[in-house]
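Sharing a structure below in structure tokens format, with a few things to ask.
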Amino acid sequence: MTNQKPPKSAISRAWRAAAFAVLVIPVLVLALMSTPAAAAATEEAALKVALTGKYPPFSTYDEEGNLIGFDVDVSRAVARHLGRELELVTTEWDGILAGLLAGKYDAIIGSMAITEERKRMVEFSAPYYESGAQLFVHEKYSGELGSIADCYGKPLGVVLGETFEHYLREHHPEVNTVTYKSTVDIFQDVANGRLVGFVSDRLLGAYQIKQAGMPFSPAGDLLYTEKMAIPVVKEEPELLAQINGALADMRASGELGALFDKWFGLAKEPAAAREDTSKIKTGTVVQMLGRGFAITLFVAATSLLLGFIFAIPMGIVLNSQRLAWRWVLRAFNDFVRGTPVLIQLFFVYFGSGQIGLNLSPITAAVVTLTINASAYMAEVVRSGLMSVDPGQSLAARALGLTRVQTFTSVVWPQAFRIAMPPLMNSVVALLKDTALISVISVGEVVREAQAIISVTFNPMKYYLIVAVMFFIVAFPLMKLADRLERTIRKRGFAHD
């Protein structure tokens, strides 16, 4: 039999196909995934309002899992006055302004205080209520900590991104200011003795202390007063004028005052005291956690499938010694693997709007995790290809197989068997990374658990439940990876 060298055209087509898969397909997928979101943004007539959903009684959940609270009622009233449907978007407080600037929603009605720093970025409406900053301490310190000056050198908790943090750092740098994601976390550390107290809104703090049944009490006078308003982007003066008009009408008719009295009034029992919002039905908890975990599994499965599809041609290119532009892919892979997934999520979600792509939170999560998964799995594929003895390729070529046939029939089956265990580890790692996507408003299981915790003030119970849910899925995958590795070694394929 005569050995025939495969034609260069076949080799060229194979490498061009790999290059196309690596460079073009991700761009097409990104464009296709963003098209529905962009179309929806064009056709959407509802007023999209952002709040956290984790700050009772301003925004929280009732027994049925529905959003309720003072800010929720104000949002509904404003939308009604504007003659528009209301769409509430729950998101994290430390990224809520970034989402507004990126065009993810029209306004924020979440008790945001007017500050000079914020006014440089957005336009504020007229205030819709006033409150102030209050120091709260553990009752065991009430005799010795009567003012903020008494807390110098001691740790006080604040929620990250709130004005209280900036106030303490600027006006009372002697205080050891410790930031947290939520008041629930602060309560735990005050109760555990890591903090002597915290600074919060006087209304919010007093309400949450009562609902949580914590032995905390206010200390001293208000540190300062602040006016709460509704921010919109500077490019929407018409919307700002409409919101101001709605607030003026609500104030003149007494509707705004009635809403405040409903939740905080002293003349009659307010809704915040009348309704026990510290309870949530078991069925609602199961529904919220189940819905969140379904989203978690969907994002993980989609990202893993797309990531693996992209990882194969990426691994081939990275393993090649002939392609000069593989160094571009090498630099990209190193950058992705060398930067935090959290930063990548922010970059894709908020940065996509800068190039005309209005990605939804779930789309941004899938795109980010797909890129991340493909970078890690490409390295696994590359190492699997490297582990195949070059003699295998030479033997296949000697039998007359083309380069493509050699790869698909000889090299790849051996490389895949060797790469399978570390690929399974990548699957488990990405599944756990989905816990981060809550920061861009994806309603996955961690976000849902935090919403439940903001009502029940029982973080250990629900975080444990979420941990068990992840373990139930991840543990079989880890055991499967171990079994595959043992099987491969037993059959002698580990060093093919």
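The values are calculated or read from the model by the stated rules, or taken from the named source; none is laboratory data. Please read these numbers as outputs of a predicted model, since none were measured by experiment. Note that each Cβ is placed from the backbone with ideal geometry, even for glycine, and that neighbours are counted across all protein chains shown.
In region 441-478, what count of residues is obtained for those that are polar (S, T, N, Q) and crowded, with 21+ Cβ neighbours inside 10 Å?
First pass over region 441-478, keeping only residues polar (S, T, N, Q): 441, 450, 454, 456, 458.
From what is left, the residues that are crowded, with 21+ Cβ neighbours inside 10 Å are 441, 450, 454.
Residues meeting the conditions: 3.
Each row is one residue, and each column tells you yes or no for (1) in a helix (DSSP H, G or I); (2) under 26 Å from the mean Cα position of the chain (by Cα); (3) aromatic (Phe, Trp, Tyr); (4) assigned by TED's automatic domain parsing to the domain that holds GLU444.
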| residue | (1), (2), (3), (4) |
| --- | --- |
| SER303 | yes, yes, no, yes |
| PHE308 | yes, yes, yes, yes |
| GLN321 | no, no, no, yes |
| ALA331 | yes, no, no, yes |
| VAL367 | yes, yes, no, yes |
| SER383 | yes, no, no, yes |
| GLN392 | yes, no, no, yes |
| LEU401 | no, no, no, yes |
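Residues to consider are SER409, SER438; find the one that is polar (S, T, N, Q) and either crowded, with 18+ Cβ neighbours inside 10 Å or touching a Cys at 6+ places or on another chain (Cβ under 6 Å) (or both). I'd like the intermediate steps shown before the answer.
Numbers: SER409 fails: either crowded, with 18+ Cβ neighbours inside 10 Å or touching a Cys at 6+ places or on another chain (Cβ under 6 Å) (or both).
None of the others qualify; the one that does is SER438.
Collect the residues in region 117-159 that are among the aliphatic types (A, V, I, L, M) and out of contact with any Leu (no Cβ under 9 Å at 6 or more places or on another chain), keeping them in residue-number order.
ALA149, VAL159, listed by residue number.
Next up: In region 380-393, what residues are at pLDDT 85 or above, surrounded by fewer than 24 Cβ atoms within 10 Å (Cβ to Cβ) and among the β-branched types (Val, Ile, Thr)?
Residue satisfying the conditions is VAL380 alone.
Which one of LYS154, LYS234, LYS227 is surrounded by fewer than 18 Cβ atoms within 10 Å (Cβ to Cβ) and within 29 Å of ASP62 (Cβ to Cβ)?
LYS227
Only one residue in LEU329, LEU357, LEU289, LEU318 is closer than 20 Å to ALA429 by Cβ, touching a helix residue (DSSP H, G or I) at 6+ places or on another chain (Cβ under 8 Å) and touching a residue at least 40 places away in the same chain (Cβ under 8 Å), so which one is that?
Unique residue meeting the criteria: LEU318.
Inspect region 116-123 for any residue being touching a residue at least 24 places away in the same chain (Cβ under 8 Å), surrounded by fewer than 22 Cβ atoms within 10 Å (Cβ to Cβ) and either part of a loop (DSSP other than H, G, I, E, B) or out of contact with any Pro (no Cβ under 8 Å at 6 or more places or on another chain) (or both) and give the result as yes or no.
Scanning region 116-123, I find at least one residue that is touching a residue at least 24 places away in the same chain (Cβ under 8 Å), surrounded by fewer than 22 Cβ atoms within 10 Å (Cβ to Cβ) and either part of a loop (DSSP other than H, G, I, E, B) or out of contact with any Pro (no Cβ under 8 Å at 6 or more places or on another chain) (or both), so the answer is yes.
Check ALA126 against each of (1) of a type in the set (A, V, I, L, M, F, W, C); (2) in contact with a Pro (Cβ under 8 Å, 6 or more places away or on another chain); (3) part of a loop (DSSP other than H, G, I, E, B) and name the one condition it does not meet.
(2)
Name the residue, out of GLY292, GLY315, that is within 30 Å of SER393 (Cβ to Cβ), touching a Gly at 6+ places or on another chain (Cβ under 8 Å) and part of a helix (DSSP H, G or I).
On the way: GLY292 fails: within 30 Å of SER393 (Cβ to Cβ).
None of the other options fit; the residue is GLY315.
A follow-up question, please. Suppose the filter is touching a helix residue (DSSP H, G or I) at 6+ places or on another chain (Cβ under 9 Å) and at pLDDT below 85; does PRO421 pass it?
yes
Which one is modelled with the lowest pLDDT, of the residues in region 169-217 that are part of a helix (DSSP H, G or I) and farther than 24 Å from THR91 by Cα?
Applying the filter and picking the extreme gives LYS210.
Here's something else I'd like to know. Kindly indicate which of ALA113, ALA79, ALA102, ALA107 is modelled with pLDDT under 95 and within 22 Å of ALA248 (Cα to Cα).
After applying the criteria, what remains is ALA113.
Give ALA419, ALA396 a once-over and let me know the one that is surrounded by 13 or more Cβ atoms within 10 Å (Cβ to Cβ) and more than 16 Å from PHE308 (Cα to Cα).
ALA396
Here's another thing I want to ask about it. Quick one: would you say MET377 is over 30 Å from ILE280 (Cα atoms), modelled with pLDDT of 85 or more, more than 35 Å from the chain's Cα centre (by Cα) and part of a helix (DSSP H, G or I)?
Values: over 30 Å from ILE280 (Cα atoms): yes; modelled with pLDDT of 85 or more: yes; more than 35 Å from the chain's Cα centre (by Cα): no; part of a helix (DSSP H, G or I): yes.
Answer is no for this residue.
Which residue out of ASP71, ASP62 is touching a residue at least 12 places away in the same chain (Cβ under 8 Å), buried (at least 19 other Cβ atoms within 10 Å of the Cβ) and among the acidic types (Asp, Glu)? Walk me through how you get there before you give the answer.
Working: ASP62 fails: buried (at least 19 other Cβ atoms within 10 Å of the Cβ).
Only one candidate qualifies: ASP71.
Checking the structure you have, find out if any residue of region 194-207 is surrounded by fewer than 15 Cβ atoms within 10 Å (Cβ to Cβ), in contact (Cβ under 8 Å) with a residue 24 or more places away in the chain and among the basic types (Lys, Arg). Before the answer, list the steps.
At the first step, the residues of region 194-207 found to be surrounded by fewer than 15 Cβ atoms within 10 Å (Cβ to Cβ) are 194.
Checking the rest, the ones that are also in contact (Cβ under 8 Å) with a residue 24 or more places away in the chain come to 194.
With the extra rule that they be among the basic types (Lys, Arg), the set shrinks to 194.
Yes.
Go through region 371-394 and give me each residue that's farther than 12 Å from SER426 by Cα and either of a type in the set (D, E, K, R) or touching a helix residue (DSSP H, G or I) at 6+ places or on another chain (Cβ under 8 Å) (or both).
Result: ILE371, ARG382, SER383, GLY384, LEU385, MET386, SER387, VAL388, ASP389, GLN392, SER393.
Could I ask something else about it? Pairs, please: C-beta under 7 Å, at least 6 apart or cross-chain, first residue assigned by TED's automatic domain parsing to the domain that holds VAL428 and charged (D, E, K, R) and in region 476-496, second modelled with pLDDT of 75 or more and assigned to a helix (DSSP H, G or I)?
Matching pairs, first to second residue: GLU485/PRO421.
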